[in-house]
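The values are calculated or read from the model by the stated rules, or taken from the named source; none is laboratory data. The shown structure was predicted, so the numbers you read here are calculated from the model rather than taken from an experiment. Every residue, glycine among them, receives a Cβ derived from its backbone with ideal geometry; neighbour counts consider all protein chains shown. What goes into the accessible areas is simple: the full protein's heavy atoms, side chains included, and nothing from ligands, DNA or RNA. Shrake-Rupley method; radii C 1.70, N 1.55, O 1.52, S 1.80 Å.
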Amino acid sequence: MLRYEDAPDPELGPGEVLVRVRACALNHLDLWQRRGLEHVTIPMPHISGSDVAGEVVAATAPDVVVGRRVMLQPGVSCGRCAACLSGRDNECPRYEVLGYQHHAGGYAQLVKVPVANLVPIPDEIDFVHAAAFPLVFLTAWHMLMTRARLTRGDDVLVLAAGSGVGQAAIQIAFLHGARVFATAGSEEKLERARSLGAYEVIDHYKQDIVAEVKRLTNKRGVDIVIEHVGQATWPASVRALARGGRLVTCGATTGHDAAIDLRALFAKQLSLLGSYMGTKGELLRAARFFFAGQLKPVVDRTFPLGDAAAAQRRLEGSGQFGKIVLEV
Ligand SMILES: [Zn+2]
């Protein structure tokens with residue numbers, strides 16, 4: 001159950017920063033944790049919200065300027081294990097996401113984070129767009145650039161262009177010289193996918209994704225598929241791959257039971273890649289393009305914090321294009 005009520009102010013531990021939340025974007029994670037997840041216990045009451053922008057109000061860490069405008073890295077890691085020290089902090093055994101499990105998130109006026117999670121934002125970037133950036137652009141960046149090793153000239157299929165990850169993946173792939181094919185479920189969403197850089201678009205309700213991909217690539221298939229839909233699209237995603245193709249997935253919104261024909265896997269030399277969030281270094285890298293105006297998070301709608309329930313209903317309804325953001 002989601003309730004709007006008073007909560008105690010967070011108390012800072014060593015090396016932490018208190019941030020006055022100005023905007024917090026929604027993610028599917030917010031819905032899943034509200035419904036309950038297998039094998040995951042979340043101490044109650046819990047505050048959701050993984051994508052935060054705001055201002056620093058206090059810090060127990062040195063060299064932090066009070067009043068500084070920031071967005072927050074959504075991944076929290078230990079900072080001292082082999083994975084963290086190798087720059088792969090999203091593989092840290094203690095990795096957690098802000099607003100999930102033990103970390104109270106941004107559906108609040110105040111949130112605390114380790115100082116390593118601060119990303120200062122320039123004055124020309126507003127809080128709503130800053131909050132819409134981190135989680136999905138980080139996720140899409142890690143999928144495309146690190147896991148699937150996108151190369152200039154690759155053909156990339158992005159499923160569900162209107163989703164947060166979808167709109168981010170189209171932009172990142174386009175920026176790096178890929179030819180992007182995107183799917184969506186309405187004429188308006190397809191048009192918006194084109195405006196973000198999609199070369200061709202596929203209506204996933206009216207057209208057969210595999211047939212369209214084969215037609216558009218002269219029967220070759222695509223080099224990379226960006227998957228997060230899961231069970232409903234998995235067979236088509238595998239069949240849309242070219243020889244040597246990479247399927248990278250970060251989610252299973254429609255279900256997690258997937259099968260694969262092993263003959264296709266080996267004969268076509270396919271790679272199936274899992275991806276979860278991304279590293280702190282990757283977010284800083286992606287943010288440079290955001291601050292320079294080359295990546296632009298798409299904001300669907302904003303809601304006041306008190307209307308978080310209505311905001312979550314909009315996300316559940318799948319009518320959105322881009323990020324839904326709470327203003328605090
Ligand atoms: Zn670690």
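One line per residue, one yes/no per condition, for (1) surrounded by fewer than 24 Cβ atoms within 10 Å (Cβ to Cβ); (2) in contact with a strand residue (DSSP E or B) (Cβ under 6 Å, 6 or more places away or on another chain):
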residue	(1), (2)
Asp126	yes, no
Ala132	no, yes
Thr146	yes, no
Gly153	yes, no
Ala160	no, no
Val165	no, no
Ala173	no, yes
Given (1) open to solvent by less than 20 Å² (accessible area, probe 1.4 Å); (2) modelled with pLDDT of 95 or more; (3) aromatic (Phe, Trp, Tyr), identify the lone condition not met by Phe321.
(2)
Mind counting the residues in region 57-76 that are assigned to a loop (DSSP other than H, G, I, E, B), open to solvent by less than 80 Å² (accessible area, probe 1.4 Å) and touching a residue at least 40 places away in the same chain (Cβ under 8 Å)?
5
For Arg288, the lone unmet condition from (1) within 16 Å of the chain's Cα centre (by Cα); (2) of a type in the set (Lys, Arg); (3) surrounded by fewer than 21 Cβ atoms within 10 Å (Cβ to Cβ) is (1)
Using beta carbons and a limit of 8 Å, which pairs, at least six apart or on different chains, have the first residue in region 80-97 and closer than 17 Å to Thr139 by Cα and the second one among the hydroxyl-bearing types (Ser, Thr, Tyr) and more than 6 Å from the ligand (Cβ to nearest atom)?
Gly87/Thr279; Arg88/Thr279; Asp89/Tyr95; Asp89/Thr279; Asn90/Tyr276; Asn90/Thr279; Val97/Ser50
Number of the exception - Ala59 against (1) under 19 Å from Pro10 (Cβ atoms); (2) in contact with a Cys (Cβ under 9 Å, 6 or more places away or on another chain); (3) away from the ligand (no atom under 16 Å from the Cβ):
(2)
Are there strands (runs of 3 or more DSSP E) fully within region 243-328 with at least 2 residues that are closer than 27 Å to Glu191 by Cβ? List them.
299-304, 323-327
Check region 39-52 and report whether any residue there is more than 14 Å from the ligand (Cβ to nearest atom), modelled with pLDDT of 95 or more and among the hydrophobic types (A, V, I, L, M, F, W, C).
yes
Is region 54-64 home to any residue that is touching a Ser or Thr at 6+ places or on another chain (Cβ under 9 Å) and at pLDDT 95 or above?
no
Of all residues in region 77-114 being open to solvent by 60 Å² or more (accessible area, probe 1.4 Å) and away from the ligand (no atom under 11 Å from the Cβ), which is nearest to Tyr276 (Cα to Cα)?
His102
Conditions (1) within 30 Å of Leu315 (Cα to Cα); (2) among the basic types (Lys, Arg); (3) near the ligand (Cβ under 10 Å from one of its atoms); number of the one not met by Arg69:
(3)
Go over the candidates Gly230, Gly245 one by one and state the one that is open to solvent by less than 20 Å² (accessible area, probe 1.4 Å) and more than 22 Å from the chain's Cα centre (by Cα).
Gly245
I want to confirm something. Restricting to region 301-328 and keeping residues that are of a type in the set (D, E, K, R) and without any contact (Cβ under 8 Å) to a residue 60 or more places away in the chain, which single residue is nearest to Ala131 (Cα to Cα)?
Arg301
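Every residue, every condition in (1) within 15 Å of Val156 (Cβ to Cβ); (2) not hydrophobic (A, V, I, L, M, F, W, C), yes or no:
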| site | (1), (2) |
| --- | --- |
| Lys206 | no, yes |
| Val213 | yes, no |
| Arg220 | yes, yes |
| Asp223 | yes, yes |
| Gln231 | no, yes |
| Trp234 | no, no |
| Ser237 | yes, yes |
| Gly245 | yes, yes |
| Gly251 | no, yes |
What residue, among those in region 12-56 that are in a loop (DSSP other than H, G, I, E, B) and among the β-branched types (Val, Ile, Thr), is least open to solvent (accessible area, probe 1.4 Å)?
Ile42
